[in-house]
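Written out below as structure tokens is the structure these notes cover.
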Amino acid sequence: MNMTSWSKRRRALLVVLGLTSLVVLTVLVCVARFDLNSWKSEIEAAASTGARMHVTIQGTLERKRWFPLTVVVHGLQFQNRDEPVVTLDNAECSSLELIPLMRGRLRMGTCKVDGFAIAIVRGADGTFNFQRTTPRPPPTPGAGSAPPALLVSRLIARGGAYTFAERGAPARAEITGISGDLRSFAIGRPPEGIRRAFSFEGELAWDKLQRDALTLTDMKSKISAAGGHFLLNDVSLTAFGGQGTGTFAADTSERTPRFALSLDVPRCRVEDVLEGLRADRLIGGDAALTMDVRAEGRNKEELTQTLSGDVSLSGRGLKTHDLDLDKLIKKFDRTRGFNLIDLAAFFLAGPLGPIATKGIDFGRVYQQLGTGEGTLDRLVATWSIDNGVAEAKDCALATKKNRVAFLGKIELVQGVYQDAALAVLDEHGCSRYTEKLSGPVGGRQPVAKRTMNALAGPFVGLYQKIHHAFDRKCDVVYSGSVPHPVKHKDEEDKPKKKSKSPAQKAPPPDR
């Protein structure tokens with residue numbers, strides 16, 4: 001190769017290198033000056049099409065790095081009707097893939113969300129704010145196997161909140177301090193809509209859940225979702241003043257969702273169970289609460305009507321405030337001047353909660369003589385529920401001197417008794433006297449009317465007590481787990497020894 005040829009090739013190489021450097025420099029300058037915010041409207045339009053909601057970016061878009069592509073979005077909002085459904089304060093998404101993005105799909109490595117809110121609102125027509133406002137188009141062939149619109153290898157979220165409310169009313173349920181660490185988080189486009197769209201697994205936690213009088217705090221759980229099925233497994237939380245464990249499952253794959261809850265709180269506080277039911281000073285102490293229930297429906301009425309399962313509350317050495325049951329029953333035994341109906345509160349308030357206690361005025365219990373504090377050696381309230389009807393399987397309490405049982409059923413939808421009664425028992429489990437319960441839970445009948453009905457009805461009240469004194473072969477009405485209290489001699493009922501007068505004294509011995 002001669003010198004002339006080599007010189008020409010070197011000049012050509014330098015020209016190519018120079019042009020390449022110029023192109024690279026131009027690209028770097030363009031990249032450096034590239035502003036994502038100038039594309040905000042296009043990004044919002046593409047996101048709205050993919051999410052099938054109105055998506056807006058309330059704040060700014062920030063590019064943190066190009067390799068891997070990392071973007072921060074400030075103030076991302078998803079809205080379907082009148083209220084925003086999901087709002088993200090700050091979302092940092094790394095390892096964004098450009099080719100799927102050009103095809104209307106989001107693929108990324110890790111997404112960190114700091115501050116978010118989920119607000120579910122139900123309108124007067126029963127529709128929710130996350131539901132479509134227009135009819136869903138017919139599915140296209142192969143839609144069921146289409147790749148998900150969003151796929152995140154790892155989603156880390158913190159500082160979240162959830163609320164549920166009726167439109168125009170205050171929130172009925174609220175969860176605060178939500179955090180999660182989810183893997184393979186995906187939102188698909190199934191033909192059935194959003195109820196089957198989510199898929200993920202990981203861990204979930206919250207600080208506090210508030211629903212009416214129910215408060216659950218410090219919850220931690222494993223969570224998974226696929227095809228409309230959601231499962232919270234290995235749940236640990238603080239409930240009713242004690243540490244509890246359990247599981248919760250929701251099946252939203254069909255139009256009528258189904259739910260199942262299992263909860264075990266081996267040492268809760270009874271006063272916390274009764275909190276919000278105007279019974280916070282009725283009874284106190286440690287008890288064990290268990291429930292294994294299931295229901296299906298889209299509102300409270302449907303859920304109550306289909307509620308089935310088992311619930312139980314049991315405790316020992318409980319304190320009753322402003323009420324001594326032994327004195328109350330003794331007073332009833334003597335005069336029958338008032339009702340025993342309010343004793344049903346002991347069996348209803350715990351395991352059945354506000355479902356069955358909405359008609360009970362717990363304050364009436366305090367008006368029973370002002371007898372002072374008392375003790376319950378045992379309290380057991382075990383119920384079996386079948387399609388909204390709760391049946392007492394083992395409901396009884398024992399004091400130092402008496403044992404009382406609840407018998408029968410409660411229809412939970414209307415809140416009425418079905419063939420129910422309260423029985424004060426003897427040591428054989430037979431009824432010393434029985435008070436029939438009818439009508440709405442918490443209702444009271446005048447004493448005179450109640451006594452007349454008792455004399456003519458199957459629960460014969462005072463007649464039953466007198467008849468029982470002569471008939472030792474009575475029918476056992478209770479044979480559950482609560483034993484009869486050990487007999488104690490009542491000093492007040494002992495006949496007082498009469499002191500002898502001087503005239504009755506023995507004569508002095510003969511001298």
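Here are a few things to note about the model shown:
- The set of residues in the range 67-111 being touching a Pro at 6+ places or on another chain (Cβ under 7 Å) and among the basic types (Lys, Arg) consists of ARG105, ARG107.
- Those residues of the range 55-64 which are within 21 Å of ALA161 (Cβ to Cβ) and open to solvent by 50 Å² or more (accessible area, probe 1.4 Å), in sequence order: GLN58
- Among (1) farther than 24 Å from ALA161 by Cβ; (2) free of Cβ contacts under 8 Å to residues at least 24 places away in the same chain; (3) open to solvent by less than 30 Å² (accessible area, probe 1.4 Å) - the single one PHE67 does not satisfy: (3)
- Selection count where residues are among the hydrophobic types (A, V, I, L, M, F, W, C) and at pLDDT 80 or above, scope the range 131-157: 6
- Filter result for the condition that a residue is out of contact with any His (no Cβ under 7 Å at 6 or more places or on another chain), modelled with pLDDT under 90 and either open to solvent by 70 Å² or more (accessible area, probe 1.4 Å) or farther than 16 Å from ALA119 by Cβ (or both), over GLU192, GLU166: GLU192
- Conditions (1) assigned to a strand (DSSP E or B); (2) open to solvent by 50 Å² or more (accessible area, probe 1.4 Å); (3) at pLDDT below 90; (4) of a type outside the set (Val, Ile, Thr); number of the one not met by GLN418: (3)
- Condition check for LEU407: touching a helix residue (DSSP H, G or I) at 6+ places or on another chain (Cβ under 8 Å) and crowded, with 20+ Cβ neighbours inside 10 Å: no
- Residue check for LEU303: among the hydrophobic types (A, V, I, L, M, F, W, C), in a helix (DSSP H, G or I), under 30 Å from GLY480 (Cβ atoms) and modelled with pLDDT of 90 or more: yes
- The range 354-403: number of residues that are at pLDDT 55 or above, among the small types (Gly, Ala, Ser) and more than 18 Å from ASP286 (Cβ to Cβ): 6
- Residue under evaluation LYS64, criteria (1) of a type outside the set (S, T, N, Q); (2) within 24 Å of ALA119 (Cβ to Cβ); (3) out of contact with any Leu (no Cβ under 6 Å at 6 or more places or on another chain), criterion not met: (2)
- Tally, over the range 89-124, of residues that are open to solvent by less than 50 Å² (accessible area, probe 1.4 Å), among the β-branched types (Val, Ile, Thr) and within 15 Å of SER179 (Cβ to Cβ): 1
The values are calculated or read from the model by the stated rules, or taken from the named source; none is laboratory data. Quick caveat, the model's predicted, so the values are computed rather than measured. Cβ: placed from backbone, ideal geometry, glycine included. Neighbour counts: every protein chain shown. Each accessible area value is taken on the protein alone, full model and side chains, heavy atoms only, with ligands, DNA and RNA left out. Shrake-Rupley method; radii C 1.70, N 1.55, O 1.52, S 1.80 Å.
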